[in-house]
Amino acid sequence: MESHGLGESEGLTFFLARPEDYDDVMAISHDIYGGNDYLPCRYHPWMTEPDRLVIIARRGSRLVALESSLVVDGGKTVVVEGLRVCPTERGHGLAGVIQRFADGYVKKVYPTVKNKRLTRADNPGPEKLSKFTYLDKRAILSLCGDSETFDGFVSYLKAKLNVSDGSTRYPLVTKHIDQAALKGLLLNPDVSSRLQLPGSAIIQDWQPLDLLESNLEVLARRNLSWFVDDLNEKPLFMSFHTPLYPVPFNGGSLRLNIDMFGTDASLAKRALTAHLNTVKGEIQSTVLVHMYMHPSLWEVMRQFCEGHDGVKQWRNYWEQLFLERELV
Ligand SMILES: CC(C)(COP(=O)(O)OP(=O)(O)OC[C@H]1O[C@@H](n2cnc3c(N)ncnc32)[C@H](O)[C@@H]1OP(=O)(O)O)[C@@H](O)C(=O)NCCC(=O)NCCS
């Protein structure tokens, strides 16, 4: 079969993933993240993304694990994503085996990489976390709705916004920003402390990126929709959503990720409403909305979103942990 093996360890052979491995990868991916798996949609773009390595492990001819590594932060950091092990092989340390191989391979191909970063939803406890530096966490609020009720939900939030907010506190409008304005915003040395960025980074759909000029190109690839509130050119709140993408949930749904930075609750409500208003014409099926935010905002945002008949909270409070370790 493949002639492009990268190496072997503990009975596994490692390869760079190819487009034609898609079906084998999907075969080990059933039910991952409760149907919210991004990989069915991201796999093919990953094959050609600059500075991304996608490694698969096979036992004989059978694909048993995958991990992806994206080199960012001007070559200093690798962000690992997509980790998965075949259900019948879980619980035997394979995730560790593929990660050790991938770390070594990344080091070989990108000798400048010093740190490995990841985000994860489950908290494995202090013993496992002790291998990492804990950088920060985000709170996640998740909603589920469908195309029939989504417009009504946006109107419902707009009405709530007008009552609760009055928009008197700040004489400003949540506004869309373009690439040129984005550069000024993100490379402003104050932005991290003003917006209380997690680990001084932004996290885009689970992918942490330092505020460096080299990462602007990575962000530009993602086709994000940004909103910012500022006062006298000083940012007060910043948010973006990743374009809706299909996930397996409920036989085929859309997923919307909204990443928010800042701690002002009224601005968070306005930002959420602005994002949902932007995408409402694109919803054609069930939609899962995940909002990632400073933990202090979670409860107020939950209350803001509650009370509508169609779009409902989908999951209890959950978190995104942001971890780092040295790549040795
Ligand atoms: C999470 C998953 C990859 C774990 O695989 P596994 O081989 O069963 O994990 P094991 O507990 O046997 O392996 C233990 C090793 O994997 C690491 N590991 C386990 N889960 C991990 C995770 N979510 N992120 C990073 N490393 C993980 C452990 O730290 C340990 O590493 P070590 O050998 O260096 O100590 C597997 O259950 C899976 O595919 N789940 C569905 C997909 C998923 O939830 N992926 C998580 C992405 S964050």
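The values are calculated or read from the model by the stated rules, or taken from the named source; none is laboratory data. These numbers come from a predicted model, not from an experiment. Glycine gets a Cβ as well: all are built from the backbone with ideal geometry, and neighbour counts include every protein chain shown. The area values use the complete protein model at the heavy-atom level, side chains included, leaving out ligands, DNA and RNA. Shrake-Rupley method; radii C 1.70, N 1.55, O 1.52, S 1.80 Å.
Here are the numbers for this structure:
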quantity	calculated
Residue match in the stretch 248-263 (condition: over 25 Å from residue 76 (Cα atoms) and of a type in the set (Lys, Arg))	yes
Matching residues in the stretch 287-307 - criterion: being of a type outside the set (Lys, Arg) and open to solvent by 30 Å² or more (accessible area, probe 1.4 Å)	294, 295, 296, 299, 300, 303, 306, 307
Considering residues of the stretch 108-139 that are away from the ligand (no atom under 12 Å from the Cβ) and open to solvent by less than 40 Å² (accessible area, probe 1.4 Å) only, the residue farthest from residue 321 (Cα to Cα)	113
Which listed residue, of 296, 239, is out of contact with any Phe, Trp or Tyr (no Cβ under 8 Å at 6 or more places or on another chain), among the small types (Gly, Ala, Ser) and in the same structural domain as residue 160 (by TED's automatic domain parsing)	296
Test: residue 22 is closer than 27 Å to residue 246 by Cβ, open to solvent by less than 50 Å² (accessible area, probe 1.4 Å), away from the ligand (no atom under 14 Å from the Cβ) and without any contact (Cβ under 8 Å) to a residue 60 or more places away in the chain	no
Condition met for residue 27 (open to solvent by less than 20 Å² (accessible area, probe 1.4 Å), of a type in the set (Gly, Ala, Ser) and at pLDDT 95 or above)	no
Residues located in the stretch 42-79, provided they are among the hydrophobic types (A, V, I, L, M, F, W, C) and away from the ligand (no atom under 16 Å from the Cβ)	47, 53, 71, 72
Condition met for residue 39 (surrounded by 13 or more Cβ atoms within 10 Å (Cβ to Cβ) and in contact (Cβ under 8 Å) with a residue 60 or more places away in the chain)	no
Residue that is farthest from the chain's Cα centre (by Cα) [pool: residues in the stretch 53-79 that are crowded, with 18+ Cβ neighbours inside 10 Å, in a strand (DSSP E or B) and not aliphatic (A, V, I, L, M)]	58
Subset of the stretch 270-313 (residues that are closer than 30 Å to residue 99 by Cβ and either among the aromatic types (Phe, Trp, Tyr) or out of contact with any helix residue (DSSP H, G or I) (no Cβ under 7 Å at 6 or more places or on another chain) (or both))	290, 292, 294, 295
Checking residue 14 against (1) within 16 Å of the ligand (Cβ to nearest atom); (2) among the aromatic types (Phe, Trp, Tyr); (3) within 22 Å of residue 215 (Cα to Cα), the condition it does not meet	(3)
Qualifying position, being out of contact with any Phe, Trp or Tyr (no Cβ under 9 Å at 6 or more places or on another chain), within 8 Å of the ligand (Cβ to nearest atom) and not in a loop (DSSP other than H, G, I, E, B), among 91, 96, 104, 82	96
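Residue-by-condition table, conditions (1) away from the ligand (no atom under 16 Å from the Cβ); (2) within 16 Å of the chain's Cα centre (by Cα); (3) loosely packed, with under 12 Cβ neighbours inside 10 Å; (4) at pLDDT 85 or above:
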site: 141; (1), (2), (3), (4): yes, yes, no, yes
site: 156; (1), (2), (3), (4): yes, no, no, yes
site: 171; (1), (2), (3), (4): yes, no, yes, no
site: 188; (1), (2), (3), (4): yes, no, no, yes
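Residue-wise test of (1) among the acidic types (Asp, Glu); (2) part of a strand (DSSP E or B); (3) farther than 29 Å from residue 190 by Cα; (4) touching a Pro at 6+ places or on another chain (Cβ under 7 Å).
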residue	(1), (2), (3), (4)
250	no, no, yes, no
259	yes, yes, no, no
314	no, yes, yes, no
328	no, no, yes, no
